[in-house]
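All remarks here apply to the structure that follows.
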Amino acid sequence: MFSTADTIVAIATPPGRGGIGIVRLSGPDAHAIVQVLLSRSAPLIPRHATFGKICPGNHVADHAVVTLFPSPHSYTGEDVVEISAHGSPVVLREILVAAADAGARLAEPGEFTLRAFLNGRLDLPQAEAVADLIDAVTPLQARTAFDQLEGTLTHRIAEIDKALFDLIARLEASVDFPDEGYHFIDPTQLRDALDDLLCATSSLLVEGRRGRLVRDGLQVAIVGKPNVGKSSLFNALAGAERAIVTPVPGTTRDLITETVDIDGLRVTLVDSAGIRDTDDSIESVGVGLAEKAMHVADVVLVVIDGSRPLDGVDAALLEKTSHRKRLVARNKSDLGAFDTTPELAVSAKTGAGLDALRDALHEMLAGNDLVRDRPAITNLRHLSLVERADGALSRARDAIVERGKSVAEELVLADLQIARDALEEISGRRTPDDLLAHIFSRFCIGK
Ligand SMILES: Nc1nc2c(ncn2[C@@H]2O[C@H](COP(=O)(O)OP(=O)(O)OP(=O)(O)O)[C@@H](O)[C@H]2O)c(=O)[nH]1
Ligand SMILES: [Mg+2]
């Protein structure tokens, strides 16, 4: 499914203009192809920055600094050459085409990292961490992804796998000497060993729930009557003038989203149309969208105009959201409070109360789980496989507790093997090709 025999090329820097742009090649012909581009016969010195002129055809396209990382000490484990040119999309494209003309194939998304994985430079969680690191929105997400890249999860899984391997070996030996029955490990030892393993898997599961929060973040829908200041509050929390604000009720019609960092948590804020009965057909579509956004959000932030008395529309909205995870912000506190309830009095205009609102959001999203300790596991794929392993280990343990020596070793072995397969699917030692294709397709091209 994945050819690794050829040489791939891609622009590794993001699309657009910049000071520097990098074209990267990997594969057996990378070195030779770059020599053609440079019209150079002398070999490049490994890991030395070499200045040269890129000459596709018979003209000079750009000056560039070229670095060769010979196999196996490179990102992919193959010969890699990085060409740093000026960050012009036109020049970079020209270099890309010239490399393709000289024999390279345009890389698929994630193909460099895929090769790093296939060549054993990274295991699967580490490769997935590369994508998470690139996608990180908050510093906490970035640090958590970096830990995974450094091998924190790899290490924890390997420890469980090693203990499991040892148990399986002893049980298999017992099966080979059937007269003895549990000859190489007695049921009490086996139960203790399973308890230790379950302790390790369940602590991963607990961390995983927090990890999901760190990695994927949560949605907060900002809802309320027209003109209470939802868009103003959205802009204030986003730190940017994203949504249009006017004194005219019914300004916002669409859903507007922005991802923000709330004390380390990745939060997607959704601004929406003011909720009211309206004859305006566009606005009523907006109101429908607002109600949908409210439905799917993890937390609903109901905004009311704290400088005026509550009316029926406010009351209906408060009633409707009362069973949800919800915060009520009393906006326009700078105008003087009509309602004297002090909680979450805010002013989108002056910024008063916004820190308290952020704290309240964080508390409501993360609960008492402090997100300060970085969780080792964040990815749903890993989490569901640990769940599978944990389930199989519990089954084996329960059978032994209930029936002691009368449980056939084969039965216990089957569950231990299920647990082990799940762990190997995390590390990538036993991962089907279509799943690999899926995992790597979420990478950007050039990574
Ligand atoms: N004094 C004061 N005015 C505010 C505050 N927040 C918003 N406003 C004003 O209230 C008006 C409505 O603000 P928006 O943010 O557009 O309100 P909205 O809830 O998004 O309104 P719709 O999109 O129409 O539903 C604008 O004139 C804002 O300048 C505040 O904290 N204090
Ligand atoms: Mg608005």
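The values are calculated or read from the model by the stated rules, or taken from the named source; none is laboratory data. This structure is a prediction, so every number in the text was calculated from the model and none was measured. Glycine also receives a Cβ, built like all others from the backbone with ideal geometry; neighbour counts cover every protein chain displayed. When the accessible area is computed, the model is the full protein with side chains, heavy atoms only, and any ligands, DNA or RNA have been set aside. Shrake-Rupley method; radii C 1.70, N 1.55, O 1.52, S 1.80 Å.
Which members of the stretch 81-114 meet the condition of being buried (at least 23 other Cβ atoms within 10 Å of the Cβ) and of a type in the set (Lys, Arg)?
Listed by number, the list is empty, since nothing qualifies.
Report, ordered by the first and then the second residue, all pairs with beta carbons closer than 8 Å, sequence separation of six or more or different chains, a first member in the stretch 198-227 that is closer than 25 Å to residue 364 by Cβ and open to solvent by less than 10 Å² (accessible area, probe 1.4 Å), and a second member that is away from ligand 1 (no atom under 16 Å from the Cβ) and of a type in the set (Gly, Ala, Ser).
Short answer, once both residue conditions are applied: 211/376; 214/264; 220/297; 221/297.
Regarding residue 346, is this residue surrounded by fewer than 18 Cβ atoms within 10 Å (Cβ to Cβ) and of a type in the set (Val, Ile, Thr)? Give the derivation first.
Details: surrounded by fewer than 18 Cβ atoms within 10 Å (Cβ to Cβ): no; of a type in the set (Val, Ile, Thr): yes.
Taking the combined requirement at face value, the residue does not satisfy it.
Is there any pair linking a residue in the stretch 152-180 that is over 30 Å from residue 122 (Cα atoms) to one that is modelled with pLDDT under 95 and open to solvent by 80 Å² or more (accessible area, probe 1.4 Å), with Cβ under 6 Å and at least six apart or on different chains, and which?
Within 6 Å, the pairs are 170/184; 173/184; 174/183; 174/184; 177/183.
May I ask you to say which residue of 360, 290 is under 14 Å from residue 276 (Cα atoms) and either open to solvent by less than 30 Å² (accessible area, probe 1.4 Å) or at pLDDT 95 or above (or both)?
Working: 360 fails: under 14 Å from residue 276 (Cα atoms).
None of the other options fit; the residue is 290.
Filtering the stretch 252-270 down to residues that are crowded, with 18+ Cβ neighbours inside 10 Å and more than 21 Å from residue 213 (Cα to Cα), which residue is nearest to ligand 1 (Cβ to nearest atom)?
252
Go through the stretch 261-299 residue by residue and tally those that are under 23 Å from residue 374 (Cα atoms) and without any contact (Cβ under 8 Å) to a residue 60 or more places away in the chain.
1
Quick check on residue 150: is it closer than 25 Å to residue 386 by Cα and exposed (fewer than 15 other Cβ atoms within 10 Å of the Cβ)?
Yes.
Six or more apart or on different chains, Cβ atoms under 6 Å: show the pairs whose first residue is in the stretch 414-442 and surrounded by fewer than 19 Cβ atoms within 10 Å (Cβ to Cβ) and whose second is modelled with pLDDT under 90.
Once the first residue is surrounded by fewer than 19 Cβ atoms within 10 Å (Cβ to Cβ) and sits in the stretch 414-442, its partners that are modelled with pLDDT under 90 give 424/430; 433/1.
Kindly state which strands (runs of 3 or more DSSP E) lie completely within the stretch 172-285 and contain at least 1 residues that are on the phi > 0 side of the Ramachandran plot, within 12 Å of ligand 2 (Cβ to nearest atom) and modelled with pLDDT of 90 or more.
Values: elements: 218-224, 256-262, 265-271.
Answer list for the stretch 172-285: 218-224.
Yes or no: the stretch 309-327 includes at least one residue that is open to solvent by less than 60 Å² (accessible area, probe 1.4 Å), closer than 25 Å to residue 137 by Cα and modelled with pLDDT of 90 or more.
Yes: the stretch 309-327 contains one or more residues that are open to solvent by less than 60 Å² (accessible area, probe 1.4 Å), closer than 25 Å to residue 137 by Cα and modelled with pLDDT of 90 or more.
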